[in-house]
1. Which three extents, in angstrom, do the Cα atoms of the stretch B:280-347 have along their principal axes, listed largest first?
2. Can you give me the relative contact order of the stretch B:300-353 as a percent, contacts being Cα pairs under 8 Å and 6 or more apart?
3. Ratio to report: Rg/Rh of the stretch A:88-193, with Cα atoms as the point set and Rh obtained by the Kirkwood method; give two decimals.
4. Quick check: convex hull of the Cα atoms in chain B, volume per residue, rounded to a whole Å³?
5. Between residue A:25 and residue B:323, what's the calculated FRET efficiency when r is the beta-carbon distance and R0 is 56 Å? Round to 0.05.
6. For the stretch B:197-353, what is the per residue volume of the convex hull drawn over the alpha-carbon atoms, in cubic angstrom?
7. If you wrap a convex hull around the Cα atoms of the stretch A:158-277, how much volume per residue is inside, in Å³?
8. For chain A, count all C-alpha to C-alpha pairs, find those more than 33 Å apart, and express that count as a whole percent of the total.
């Protein structure tokens, strides 16, 4: 007897929705047990703890998805996640595993700050300034992805390791700048750069609540949807991802496609960094991203690399982050429990995916030999 | 006397009125409440006012909120949910507080350690340099190697001022001793703090002081069998064989005062900077410190409280030997708040652009 793991065939479409939903409900149940114990230990009776847990869950969904200010916050958190998620999808379609979203985001933020504070400082025209900074962000995101791209295309290095390692380089590069040469001269030696000039801040909507980055990311998703489904690039890159040999026979230049896929992937991530800077941060600082680049990997994957689905999943994840913040603020949950919860959600989503899409078969030895 | 009676009546009336609707008070913390340091001290203050006011107030808090733009959504959420008073307890929340305060003119914001105010934003801080100076007296006497280590957070005026006060205390009793500074560039990073302490211990430091939010430096000192001076709150239980004492915060009574003012409607935006005379800062001393030294410390403490002595009284020279404060002069508050130079017995540099 042998164990064999194989992909289930002919799964109905509704399973694509049902599996994540069931997985999330599972993680909520497990977290519910932890919350129940937490509340009971903080001096409540079991009954009180139970109703407190229910009310905490209510809070977690009603504020980020049901309250207008909560939705604004969710949208703000969604923007960087969606940008990087879309960027990653561009490479993942070719089964090129760019793990460097975080680094590309940081390089975009670095380039945006370079543009806003030094290169283009003095440009008063908002439209021109923002366009220039977006291009800077995209260029440096692409540059950062170019390193693994050329290494993969010409030396067959593994892009997973190279992109991952470059994340740390990018983060430390930003640290070097904000702790050193770019420190705000008027900032009392605090490790922050100076604030962006007014022309380098994104315009806002809804009474100043949400910056226009949300529109940019939606437009970008629509463009990518078109590219993936209607252009020869979309078709060829999907083939190259599915079957390299077939792609070669069809005359597709794999090296060229690899390089372009990673460059565009990085450019979109870098643009996300620039948007985050111009929309929210307005100055560069250590650790401005709480791991958006890594969360985006899971987002792209859960959305099955579909750009519009990436928007939706980023919105849900943004809401999860905002909802978790509310749990801390109003239910006194320690940050560590929040991390456990986020870990549980991701774990169940991936576990659910694996369990429902694959099955284990016991195969007799003879059958294998045949 | 009369004004006070009116005030008391006002508070009573206010609290009667508010018994129907409790004052909602929120605290935004930069570290975990269990950091045993800075955030822990603020949270003790929160627990104190919860006990004092009982049902008349409702407090909530959030821990480990990163400094910078990310903090805005948290402060915003509290304001939007109708919290009446929000304490933001780290320097890096300054811009977020000012931004949110513009949108919520009826909410009162108190920002700890910053310098920007508005009609509904006040700032508060303590003259922790006073107990810093006293802890320097102890360190200067207890050292044998004349090498004293200091694990420091960020090279900002607040921290520089504390190191200088500590060094001046040392100079008072032991002009031969030097303070060696290592920057951690974080308020709270126990692993890095411990490493920094160990590298100071390796150059022969036999007293370790610090300005961090965790007791990691104390633990390193205890492992090496030398004395240490903590920071923020009583850190004795983390290193009982090493801990000499610590400059500590006592926020409770101050928070009580602010909440009373807000309840009575007499709150006004101000920049509060209280010292040992107000009790907002103090020096915790352990029993490892000999009685004679304790007596010396208490003499200086009384002198500072009665304003017959100031830790920064001139002449003060910087590391290049330049006279910064002439003999007999005392730097103004604004000079203290922007201090960016080390006194002459500090070894280490303040990074610049």
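FYI, it's all coordinate maths here, none of it is from the lab. These numbers come from a predicted model, not from an experiment. Neighbour counts run over all protein chains shown; Cβ positions are idealised from the backbone, glycine included.
1. Cα extents, longest axis first: 38, 28, 22 Å.
2. Working: 55 pairs, mean separation 14.9, N = 54.
Computed value for the stretch B:300-353: 28 percent relative contact order.
3. Details: Rg = 15.9 Å, Rh = 15.0 Å.
A ratio of 1.06.
4. So the per-residue hull volume is 142 Å³.
5. Details: r = 71 Å, r/R0 = 1.27.
In this case the efficiency is close to 0.20.
6. Considering the Cα atoms of the stretch B:197-353, their hull volume per residue is 175 Å³.
7. Values: hull volume 17.9 nm³, N = 120.
Output value, Cα hull per residue: 149 Å³.
8. On the way: 25723 of 68265 pairs.
Taking all Cα-Cα pairs of chain A, the fraction more than 33 Å apart is 38 percent.
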